[in-house]
Amino acid sequence: MCRNGIRSNSSGVLAIARQLQHGSSSSFQSTASAKRSFHASFVGNLWRSSLQHHHRHHHAAKHFSKVFNSSRPTSATTLWTHLGTLTLVSRIHSWRRDRFVLSTFIFPTAWADGSLAVARPNLASGQQLTQKQQPISLIHEIWQLIRRDWPLLLAVILSTVAGALASLALPRVMGQLVTVISQSLTTASPTAAATAATTTGTSLAAALAPLNRPALRLLALFLAKGILTFTHISLVSQLGENLAHRLRTQLFDSLVHQDLAFFDARQSSELVARLTADVQEFKHTFKQCVTNGLRSVTEVTGSVLHLLHLSPVLTATLAGSMPVLYLIGTLYGAYLRRLSRKAKDVEASALGSAGEALGNIRSVKAYAAEDREVAKLHRATRKSAAWNQYLGMHIGAFQAITSTSIGSMILLVLYVGGAQVAQGAMDPGHLMTYLMATQAAQRSLAQLGVLVGQLIKAQAAAVRVFEFIHMQPEIPVAAPGQAVRLSDLRGELEFSHVDFAYPTRPDHVVLRNFSLHVPAGSVVALCGASGSGKTTVSGLLERFYDPLKGQVTVDGVDLRDMDTKWWREHVGYLAQQPVLFSSTIKDNIKYGRPDATDEEVEQAARAANAHEFISGFADGYETVVGERGASLSGGQRQRIAIAAAILKNPKILILDEATSALDTQSERLVQDALNKLMHGRTVIVIAHRLQTIQNADMIVVMGKPQGQILEMGTHAQLMAMKGTYWKMHTVGTAGILD
């Protein structure tokens, strides 16, 4: 397999190298942008050629990227030299990977923030994501989460070690007790024993006196273990909850800052599962590691030292069988990790199917598709159950092999130790101590075996979580340092030769060479058939996506150079079907301006013709609207969304037929409010009904394919042309475009 991997990767590298054959033999005179374009293609091909071999080209690609990120001319000889180095590194990494599998049994590495941006496909969704790559140990990630709680962690470690030391002292005290009893039985004759049975209480107390000291020590150890166990569990619970809190916060922070392309390729239920189930499993395993893992390691270490002290011969006998256990654990553990990751992915897919059905429950009921959805979920959960059962079977086999091997080791100790007692080389008390110490080590090793199984499952959850935490969006929400914030935003918009395709459908070009100028303070309406790119224009304007080619400018400044967060604060968007948050009406209206006063909220609601129906609710503005505003009618949701836009007072307005869900009277009142709001602002209207855009300063008629602009002008001008717009008015009776 390794040779096949080498051959595959070498072929991939050489295929990439042939791209240079068409260049000049003396110099590869290229601009910085051309180099970056070639570099992106190169790294993408490089990723695809090594995807199945665990990022072995990472360092080589990083080295090669330095050449193309430079603005200096690069000779063809230099490029061929780098490619030769890259091919050699590919072969070396192919050999190193097979050794790497054995070295990552318990603490694997995850790929996270590094120095090379690589466009790679996500195996679960097929979405192309830009992500920086560098191996980071999960131990490092966990430490970053809990380092601020280092005093608490230290207390947990001390209580764990103290409890383990108390457990280690038990075999020694029990051995002393057995030795005292054995000596009493050896020195006492049968006649003396019979006489002792009839003696006074004082004589009985004297006979039991040698047992008092070891018995009191044993009682003290039991009490100490109880106190330490209570202390340890209390502390580790607090530490685990702190870790889960920070992990969920970091994960959610990363998710909400991702691009829309990220969410286009994933189900929301999958992301919720990572916030809940994966974090919960990670927290549980972390607590088990700190509780059982640390204690077991301490007990095993202490027991081994104690065993060496008691009988080097027996300990050497035990040690001879340990490499077999380690080899089984290493090889089997690597397989279990891969199996666990697959089971996790299948389970997430099943949960996603259920979440999608519940999220669209109205459509499910409207189509009487309840039984179909149940059957679909049944198939998905059966598949998930089969994978988890298969995983459980192998984890059980792993633990059974471990338990059987350890039991065989105990039997070997009994056989060899019994022979030493029979020969007088060891007294029964020492053998008892040795057996108890061996059993303590056995229990600890068995517990470690169970813990390894949990670690394997938790590792898959942890990698899924940290994968998203370290994922870098292509469109940063926060200012990258030199981002532009316009001191005087006028609102002049310009689309210049824009090409665009959605990341989930890269082969379907929505806009091709699209150009449009929107003067500041004007109202421009976009109309056309469904799929002509009207909504895509608004998505580019809000910078939910970046164009593949060309640029979108505001007052002459490229949107990619602006502070995205600042820009979106100055853009208002009203959707045709608004979705509200499961909160109060007041909170939904204030969402764009959290610092707004109650008076300002009410004024915005009055302007949107929403105050009357809000006042009719028992709780008024404190009424909870339910999930996605389900307790309100479509018109009520629309008017609350309009009130939120009015309160935000943006410089740029995007109206996706914002009055379509209102009755005639409400539409007239709200349209008047919108007309006042639109005054002095730049407005983009996505039209679905032609009668709503007749007063626009400019109407843009878009067509298929690829968002062609068929006609532009005012309503009167377009009607006089008797072209596409005129046909939309004259053909049919409803005047509906979509």
When each of LYS648/LYS727; LYS344/LYS586; LYS287/LYS342; LYS376/LYS565; LYS287/LYS590 is checked by Cα-Cα distance, pairs over 31 Å: LYS648/LYS727; LYS344/LYS586; LYS376/LYS565; LYS287/LYS590
Could you compute the net charge surrounding HIS232? Neighbours are other residues with a C-beta less than 12 Å from the C-beta of HIS232; K and R count +1, D and E count -1. +3
Reported to two decimal places, what Rg/Rh ratio describes region 312-425 when computed on Cα atoms with Rh from the Kirkwood expression? 1.38
Would you work out the relative contact order for region 312-425, in percent, from Cα pairs under 8 angstrom that are 6 or more residues apart? 45
Using only the Cα atoms of region 493-731, each taken as one equal point scatterer with no solvent, compute I(q) by the Debye sum, divide by I(0), and report log10 of the ratio at q = 0.07, 0.16 Å⁻¹. -0.24, -1.17
Starting from the exponent 0.38 and prefactor 2.2 Å, build the expected Rg for region 264-355 from its residue count and divide its actual Cα Rg by it. 1.67
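Readers should treat all values here as calculations from the given coordinates under stated rules, not as data from a laboratory. Source: prediction; values computed, not measured. As a convention, Cβ positions derive from the backbone with ideal geometry for all residues, glycine included, and neighbour counts pool all protein chains shown.
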